[in-house]
Amino acid sequence: MIRGIRGATTVTENIEDEIIEATEILLRQMIEQNKIEANMVASVFISVTEDITAAFPAKAIRLINGWTFVPVMCMREIPVPSALAKCIRVMMHVNTMIPQEEISHIYLGNAISLRPDLKVENKSL
C-alpha cells in the first residue's frame, strides 16, 4: 500500500546552501522517524514558495546514501498572499503497511505552524 508522508520546513534566506541543508535535515528526519528505505519510495514531490529560487531542494536527496534512483520532482506552491514565506514542503509516497495514523509527519522551523495538530515528539533525535 502506498502512503503519503508529509514534511515541511522553512529557511531564513534564499541561499543555496541553506535550502539544501534545511531540506536534507527534513528528509533525514522523515526517513528516520518512519523507518523508510529508498527501495520503499515510489516518488518524492518537493514544493517551494515563490521566494525560494536559489536552488532545487531535490538536490538534498542525492546527499543521502542509497537514494540515487528515487524519483524526485520540484515544483512551486500556489502564491497565496497569506502563505508561510520561504517554505519547503515534501510529499513522500512510500510503500508501507504502517497504518495512516501511525505515520510521523515532520514539520520543522516556522512550518510547525502549518499543522500543529500533527506535531509529534522527536522520537530519536
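The values are calculated or read from the model by the stated rules, or taken from the named source; none is laboratory data. Quantities reported herein were computed from a predicted structural model and do not represent experimental measurements. Neighbour counts are summed over all protein chains in view; Cβ atoms, including those assigned to glycine, are modelled from backbone coordinates with ideal geometry.
Some observations on this one:
- Which numbered condition Arg62 fails, given (1) touching a residue at least 40 places away in the same chain (Cβ under 8 Å); (2) in a helix (DSSP H, G or I): (1)
- Only listed residue being touching a Gly at 6+ places or on another chain (Cβ under 7 Å) and outside any loop (DSSP other than H, G, I, E, B), chosen from Met75, Met30: Met30
- Verdict on Val94 being touching a helix residue (DSSP H, G or I) at 6+ places or on another chain (Cβ under 6 Å), surrounded by 15 or more Cβ atoms within 10 Å (Cβ to Cβ), farther than 12 Å from Met30 by Cβ and among the aliphatic types (A, V, I, L, M): no
- Breaking point among (1) surrounded by 13 or more Cβ atoms within 10 Å (Cβ to Cβ); (2) in contact (Cβ under 8 Å) with a residue 24 or more places away in the chain, for Pro71: (1)
- Residues in the range 8-24 that are crowded, with 20+ Cβ neighbours inside 10 Å and either farther than 15 Å from Arg62 by Cβ or out of contact with any Ser or Thr (no Cβ under 9 Å at 6 or more places or on another chain) (or both): Ala8, Thr9, Thr10, Val11, Ile19, Ile20, Ala22.
Per-residue answers, yes or no, for (1) closer than 17 Å to Met1 by Cα; (2) in contact with a Ser or Thr (Cβ under 9 Å, 6 or more places away or on another chain):
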| residue | (1), (2) |
| --- | --- |
| Leu26 | no, yes |
| Lys35 | yes, yes |
| Ala58 | no, yes |
| Glu101 | yes, no |
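- Residue list for the range 34-54, restricted to those being surrounded by fewer than 19 Cβ atoms within 10 Å (Cβ to Cβ) and part of a loop (DSSP other than H, G, I, E, B): Lys35, Glu37, Glu50, Asp51, Thr53, Ala54
Conditions (1) among the polar types (S, T, N, Q); (2) free of Cβ contacts under 8 Å to residues at least 60 places away in the same chain, marked per residue:
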{"site": "Thr10", "(1), (2)": "yes, no"}
{"site": "Glu18", "(1), (2)": "no, yes"}
{"site": "Val41", "(1), (2)": "no, yes"}
{"site": "Ser47", "(1), (2)": "yes, yes"}
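- Out of Ile112, Ile106, Ile64, Ile88, sole residue that is at pLDDT below 95, under 26 Å from Thr12 (Cβ atoms) and either surrounded by 11 or more Cβ atoms within 10 Å (Cβ to Cβ) or not basic (Lys, Arg) (or both): Ile112
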